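Worksheet: the structure to be examined is printed underneath.
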Amino acid sequence: MSRFAVIMAGGRGERFWPESRTEKPKQFLTLVGERSLLQQSYDRIKDLFPAEKVFVVVNQQHLELAREHLFELPSENFLVEPAGRNTAPCIGLAAVHIRQRDYEASMLVLPADHMIQGKRDFVDCLEKGFAWAEKEDSLVTIGINPTRPETGYGYIEREEEEKDKDPAVFSVRRFVEKPDVKRAKEFVRTGRYYWNSGIFIWKASVILKEIENHIPELSQGLKTIEKACNTPQAQKIMSEVFPGLPRISIDYGVMEKVSKIFMVQGDFGWDDLGSWGALASLSEKDADGMVVKGPFVGVDNADCFVYSKDALIAALGVQDLIIVQSDDVFLVCHKERTQEVKELVQMLKEKEMEKYL
């Protein structure tokens, strides 16, 4: 059976401002390792999928940047969103193009900006996920066995019965939004809850049918786009129809409403790198809990994350801070509030200070 991979690379990465900017958002940055997050996403799957079967969904502004980062891929495999409409339209668009190539094809969907350790275990989960998606004509997701009561992730609750082993497969009972600390601790204690990785496997025809069942307005627009595929009007129809599609996530629009979903248990190291706090927690610390990347001098500091591109940062007697310098911006915030950085980004928009974005 024909298999494809889809890398979603249209995000804005606002919680990684000021390093993540409009011209070069998070997925194009080298935050861990020696290659960009987008390149690392491709590196994990390139042994499973030939280049012609890997699609990247990206917005028009970053098309050329994406092609530079993944020059191995055919130019027609970069699918351009005229406007950001969240993950359901993004995935639906990719499914339409995959179904045009092979009506029975199955597809892997993964974000461009996650960090994954343990490639062999990751690949084993993907293989198991494809097997179940193709055998059952069902939706499959990868759930990450939690290592802490994280409040920044959504969760998946599984049923009790194990459907398969090595790696384990369970039916999904429900998807749960980000919990507070008390609920997150309870989730971890039960052993039935997993972090929602945002990694999915299904047949293109199956997900398009579920979109039709649960998001009919989106389905109608995708059908219009699909009819125009491989015609001279394709680009015109895409630019007219796609910006008007409903802005909705695949989790909210489909996954929370479908009764038959399987989850493959992932025991590999995973993080969605959603904020500076996430990067700080994953970085190696010195004896004082400090993480320093770039020019820095300090006295009596503890448990801080310091990131500088070219300016010297000096700190005296501070604790539990995120300090970031990138070009013409310095960011200072408490470690516990890094998820709120996007509020500063919104403030800059309201104050018409776009030059800092």
Listed by chain and number, the lysines with an alpha carbon less than 18 angstrom from that of residue 135, same-chain partners under 8 positions apart left out, are 163, 165, 203, 209, 260
What area, in nm² and to one decimal, does the C-alpha convex hull of the stretch 92-181 cast on average over all directions?
7.4 nm²
Under a crude label model (7 Å from the Cα following the beta-carbon direction), how far is residue 303 from residue 320 in nanometres?
0.5 nm
So, with points 7 Å from each Cα along the Cβ direction, the residue 49-residue 119 label distance in nm works out to 1.6 nm
How much net charge surrounds residue 128 when only the other residues with a Cβ under 9 Å from the Cβ of residue 128 are counted, with Lys and Arg +1 and Asp and Glu -1?
-4
Applying 1/(1 + (r/R0)^6) with R0 = 22 Å to the Cβ-Cβ distance of residue 353 and residue 311, what FRET efficiency is obtained, to the nearest 0.05?
0.65
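Stretched out fully, how many nm does the piece from residue 282 to residue 135 gain, at 0.36 nm a residue minus the Cα gap? Please list the in-between numbers first.
Numbers: separation 147, 0.36 × 147 = 52.92 nm, distance 3.69 nm.
Taking 0.36 nm per residue and subtracting the Cα distance, the gain is 49.2 nm.
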Give me the mean projected area, in nm² to one decimal, of the convex hull enclosing the Cα positions of the stretch 3-274.
13.6 nm²
Mean separation of Cα pairs under 8 Å and 6+ residues apart, divided by the residue count of the stretch 3-274: what relative contact order is that in percent?
25 percent
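Which whole-number percentage describes the relative contact order of the stretch 153-194, with Cα contacts under 8 Å and a sequence gap of 6 or more?
Values: 55 pairs, mean separation 19.9, N = 42.
Here the relative contact order equals 47 percent.
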CD proxy, 222 nm, the chain: helix-only mean residue ellipticity via -39,500 (n - 2.57) per DSSP H run with n ≥ 4, per residue, nearest 500, stands at -9000 deg cm²/dmol
How long is the stretch 99-249 along each principal axis, judged by its Cα atoms, biggest number first, in Å?
55, 32, 29
Solvent-free Debye scattering, log10 I(q)/I(0), computed from the Cα coordinates of the stretch 277-356 at q = 0.15, 0.16, 0.18, 0.26 Å⁻¹:
-0.55, -0.62, -0.76, -1.29
From the mean inverse distance of alpha carbon pairs (Kirkwood) and the Cα radius of gyration, derive Rg over Rh for the stretch 214-357.
1.15
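None of the figures in this text is laboratory data; all of them are computed from the coordinates on show. The structure displayed is predicted, hence computed values, not measured ones. Because the Cβ atoms are built from the backbone with ideal geometry, glycine has one as well, and the counts that use them run over all protein chains shown.
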